[in-house]
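Heads up, the thing below is written out as structure tokens.
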Amino acid sequence: MWLYVTTFCEPVMQTINLKDAKAGFSSLVDDAMKGDFVTITRHGKPVATLVSIEAGEIARKALERKRSGLIAYLQAMPADLPDRNPSPSRDVVL
């Protein structure tokens with residue numbers, strides 16, 4: 001079993017392959033409940049992360065945060081913008 005544990009601050013970040021994660025899933029859930037992040041890999045590539053409900057809710061809310069689009073930005077612009085210069089632009093040779 002390969003288990004890499006890297007500590008930055010809190011929480012602890014663990015990386016474990018899928019086969020070992022299946023065998024020790026209960027202990028990984030316990031680690032996630034304590035606030036640790038458990039990254040599960042398949043063929044050496046990260047495919048999933050096991051986190052606590054609180055961390056998952058924070059991530060979900062961040063992804064759902066409504067972002068204003070171009071139309072909302074343009075509608076928020078002041079109405080007294082200067083008029084566009086009506087004279088033709090210079091010729092461009094393509």
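Some points to look at:
- Hits in region 41-82 (condition: surrounded by 10 or more Cβ atoms within 10 Å (Cβ to Cβ) and more than 18 Å from the chain's Cα centre (by Cα)): Arg42, Ala72
- Cβ pairs under 6 Å, 6+ apart, first in region 50-72 and within 26 Å of Ala21 (Cβ to Cβ) and free of Cβ contacts under 8 Å to residues at least 60 places away in the same chain, second assigned to a helix (DSSP H, G or I) and not basic (Lys, Arg): Leu50/Leu28; Leu50/Ala32; Val51/Ala32; Ser52/Ala32; Ser52/Met33
- Residue check for Asp91: farther than 30 Å from Asn17 by Cβ and charged (D, E, K, R): yes
Every read-out reported here was derived from the displayed coordinates using simple, explicitly stated rules and does not represent laboratory data. No experiment lies behind these values; they were computed from the predicted model shown. No Cβ is skipped: glycine too gets one built from the backbone with ideal geometry, and neighbour counts run over all protein chains shown.
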